[in-house]
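Inspection log for the structure reproduced underneath, given as C-alpha cells.
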Amino acid sequence: MADEELAKDLGLLSAMTIGIGTMIGAGIFVLPGVAAQEAGPVVVVSFVVGGVIAMVNALSVSELGTAMPKAGGGYYYVNRALGPLFGSIAGLGDWVGLAFASAFYCIGFGQYLAELVDLPGVLFLSPIQVGALLAGFVFVGVNFVGAKETGGVQTVIVLALLAILGAFAVAGWASFDYATLAGEDGLAPFGTGAILPGTAVVFVSFLGYAKIATVAEELKNPGRNLPIAIIGSVALVTVIYAVLVTVMLGVVPWPDLSRDAPVAQAAEVAFPGGIAGVAATVMTLGALLATASSANASILASARINFAMGREKIVTNWLNEIHPRFATPYRSILVTGSIIVAFIAALGSDLAVLAKAASVLHLIVYALMNVALIVFRESDAIDYEPAFRVPLYPVTPIAGALLSLGLVAFMDDVEIALSGAFVVGAVGWYFVYARDKVEAGGLLSRYILARSERMPDAAVSAASTVKPDGGDYRVMVPLANPEHQTDLITLASALAKQQGGTVVAVNIQQVPDQTSLEAARQQGDYAAATRILERARDDAETFGVPVETHTILSHRTFEEVFDAARTYDADVTVMGWGPDAHGSPGRAESAVDELASSLPCDFLVLRDRGFDASRVLVPTAGGPDSDLSVAVAKLLRAEFGSTVTLLHVADDEAEGRTFLERWAAERDLDDAELLVESGDVEAAIERHAAEATMLVVGATERGLLSRLFTDSLVMNVVDRVDCSVLLAEKKRSRTLRDRLFG
C-alpha cells in the first residue's frame, strides 16, 4: 500500500504547549530540592545558565527546523548533514535520552503520588518506584491507543499549570525572606564553582523545546511558527524557573528543601495557614499533571524519532508498523515503554542519575546539531533555505556545540562513562546493522569525497570508511496521467535495472486550498491513486526491479515533485511533459520554482509519442546536460540494444569532428555513429530526428528572463520532431543571477 505523508495540522499554540508542557514537569516540581543540595541558593543561577545554553541551541534548532520541517527533528538534521554514522548517534541518543527523561518524569510522578496515597514497596522497589511504574504503564497505554497530547487537552494542561504556578509565585513572594534565601553561609556556600555542576543536574528541565522540532513536519507555517515556538518557550520557561526557585528558597531554607516534593512543601509555608493544606494538595495535583504531561510528550516524541530513523533504515521499519485499530506505531511505543520500565526499576532510586543521563545524551545531540548547521551553511546545500537564520553566525552554532559538550564535563563520572559507552554502542550499531541498509550519505562526506584531491588523506579515508553501503540508485516517477504511465514506468524501470536501483512511484493528490490536508486525508478517496500505483508496480516488476509507492496530499502539484525528490532521495526523476505543462519551456522547473531553488536531482522529462528506444539520437555541444543525455543513452543501449547516434553542429566541420570523436571516446561511446554538420542547429536536429525513434537532448541552460524574450532551441525542436523527446537536465547549483539571465 502507498505511504502517506504527515498532514500539517498543528498551530503555534499547540507547538508552544508541546515545548512548555514537556519542560514544566518534573524539572521544576522535583529538581530544586536535589539541585539545591548540589549548589546551595546559587542554584537559581544554575537554572538561568541552563536556560542560556538551551537558548543558544534553540536558535540553531530554529534555523534547522525552518529549513527542514521534517519528523525526527535533531536526528533528521544530523543525518542529512553529517551522514548516517552521526545520524545513528543522534537518533539513538535522542531516543534513549527520551527514555531516560520519561523514566525521570515517571519517578517525579511517583514522588508526588506518594504524597497523596500510601504506596507499598514491592521486592527491591521503593514505594516511589512502584508509583512510577504504574505511571509508566498508564502513559505507554495512553500512547498505544492514540490519545493525542498535541491537541486541546495539552493546551488546557499547560494553561492550568501556569495558573497554579502563578498563584504559588504570588503567595510565595508575599512570604519571601532574603535571610531564608541566603542562609547562614551566604548565596554560594559551596562556591560559585558549584553553579555548573548544578546546571548539569537541572538541564533536563530544558529538554522540551527540542520536542517541537520533532513535530515540525506537521506544523502550520513552520517558517514563522517554529522559531517563535522554540525560542519563546525557552525564554518563558527560563523566567518561570528563576522566579519559582527563588521563591522556594526564600520560603524554605535550602538545606531543608524536600528532595521529593519541594513545591508542595514550599506551598504549605507560603500560603496562609487556613488554606496551606489545600494549597499543598493543589500543588501536588499540579505536579502529577505536569509530570504526566512531560512523560506523555516524551513517549510520543520518541515514536516520531523511530519513524524518521525507520524511514532512513538506521533502525528496522518493523518498529513503525501501524496498529490496525488505533493507527499508532504500537511496536515502537512498546519497545520504548519497555526501556522506560527497565530504567525506572534499575535507576529509580537515584533521581539525579536519571536526570543527568537524559541530559548528557541530549547535549551530545545538540552539539551535533550545531555542527550540522555549519555543514549546511558551508557546503552550500542547494535545498537549504531556512526562513530563520541564527544571528552572529558562525559564533552562535560554535558556542552551542562548545557549551553543550562543556556541560557534559560537569556531569559525574557515571554519566560521562554512560555517554562514552553509548557513543561507542551507536557507532557499533551503524557498522554492524545499519551501514549496509542505509541508502544516502551525508553532505559532509559527499563534500569531502567530491574534493578528495584537495582534502587531507585522513579526511578522505574517514569519509570513505563511514560511507553507507546500502544505497541504491533511486528513480522517482511522478504519475498522474494513465495514458502515458506505462511509458514513464518503462523508462524508469530500465534505468533502475541497469543501475541496480529502485523505482519510486509517486502519486500527488491535489487538495483545494480551502481544504486542510488533515481533512482531505480523513475524507479522501484513494481508489484512483491506488489503481495508478498498483499498475505502476506491475509494470516495473516486469523488469525485476524493486518498487516503492507513495501517495502525497498537497495543495500544490508540480512544485511538490521537487519536495518529493528530496524526501525520497531520488538520484533522477522521470516525469511526463505535455504542451505548457510546466510553464517554463525546455526545463523541468516551473517559472516560479526556477527563481526559488535549484534542481534536487537529475531530471528526465519525456514528451511521449510512443516509447521506442531502438534508435536514439543525442545532439551535443558539450556541457553537463549533454553528459547526462549520453549517460541515459548508454543505459538504454544496454537495456534495449539501442543504436546510438551522436550529433554535433559546428562552424568548422573538421574541428567539430575532432571534438566529437574525443568527447565520445571519453564517455565510452566511440563505437556510436558520429554525425558532424555545419549550419543551423535546429534544422540539423530535425533532419536526423526523422530517422530516430527517440531524441535525447540536454535542457537549455538559458535563464528565465532570457527565455521570456527569446525563442528556446529545445522548445522549438520538441514541437517540430515526430519522435519521442527526452529532455535531460543535470542537478546543479545556480545563483539567482544564473536563474534570471543564464
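Laboratory data are not the source of any read-out in this text; all were calculated from the coordinates shown. Just so we're clear, the structure is a prediction, and the values are computed from it rather than from any experiment. Cβ atoms come from the backbone with ideal geometry, glycine included; neighbour counts cover every protein chain shown.
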J(HN,Hα) series, the range 544-554, from Karplus relation 6.51 cos²θ - 1.76 cosθ + 1.60, nearest Hz, glycine and proline x | x, 9, x, 10, 10, 10, 9, 10, 10, 9, 7
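Tell me the trypsin sites (Lys or Arg not before Pro) within the range 305-337 that lie in a loop according to DSSP and have at most 14 other beta-carbon atoms within 10 Å. Let's see the in-between values first.
Numbers: sites: Arg311, Lys313, Arg325, Arg331; in loops: Lys313, Arg325.
Passing sites in the range 305-337 are Arg325.
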Listed by chain and number, the residues whose amide H is under 5 Å from that of Thr502, excluding neighbours fewer than 5 places away on the same chain and using placed H, are Tyr473, Arg474, Val475
What residues qualify as long-range amide H neighbours of Ser642, i.e. H under 5 Å apart, gap of 5 or more or another chain, H built at 1.01 Å from N?
-> Arg637
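Between Ala235 and Ala621, what length comes free when the chain is fully extended (0.36 nm per residue of separation minus the Cα-Cα distance, one decimal in nm)?
Numbers: separation 386, 0.36 × 386 = 138.96 nm, distance 5.82 nm.
Length gained, Ala235 through Ala621: 133.1 nm.
Compare the peptides 384-390, 176-182, 426-432 by average per-residue count of other Cβ atoms within 10 angstrom and give them in order, highest first. Please report the intermediate quantities before stating the final value.
On the way: 384-390: 17.7, 176-182: 14.1, 426-432: 15.9.
Packing order, densest peptide first, comes out as 384-390, 426-432, 176-182.
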Sort the range 395-434 into rounded, prolate or oblate with this rule: let a ≥ b ≥ c be the square roots of the eigenvalues of the Cα gyration tensor; rounded if a/c is under 1.5, and if a/c is not under 1.5, prolate when a/b is larger than b/c, oblate otherwise.
-> oblate
Rg and Dmax [Cα atoms of the range 13-432; Å; Rg one decimal, Dmax integer] | 20.3, 66
Calc'd 3J(HN,Hα), the range 257-272, phi into Karplus 6.51 cos²θ - 1.76 cosθ + 1.60 (θ = phi - 60°), Hz, glycine/Pro = x, comes to 5, 4, 7, 9, 9, x, 5, 5, 5, 5, 5, 4, 7, 6, 7, x
Assign unit charges at the C-beta atoms only (+1 for Lys and Arg, -1 for Asp and Glu), then state the dipole size of the range 13-432 relative to its Cα centre in Debye, rounded to the nearest 20.
-> 1160
Which value in nm describes the separation of the simple spin-label points at Asp350 and Ala421, placed 7 Å from the Cα toward the beta carbon?
-> 1.1
Expected sort for 104-113, 633-642, 613-622 on mean C-beta neighbours within 10 Å, highest first, is 104-113, 613-622, 633-642
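Taking 0.36 nm per intervening residue step and subtracting the Cα-Cα distance, what contour gain separates Glu534 from Lys220 on full extension?
Numbers: separation 314, 0.36 × 314 = 113.04 nm, distance 3.19 nm.
Net length gain for the segment: 109.9 nm.
What does the extension gain come out to for Asp651 and Val117, with contour length at 0.36 nm per residue minus their alpha carbon separation? Spell out each step's value before the answer.
Values: separation 534, 0.36 × 534 = 192.24 nm, distance 9.44 nm.
Length difference between fully extended and current span is 182.8 nm.
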Two-site FRET efficiency, Glu541 against Phe326, from Cβ-Cβ distance with R₀ of 35 Å, rounded to 0.05 | 0.60
Residue-wise HN-Hα coupling along the range 335-349, computed from phi with Karplus coefficients 6.51, -1.76, 1.60 (Hz; x: Gly, Pro) = 5, 4, x, 5, 5, 4, 4, 5, 5, 4, 5, 8, 10, x, 7
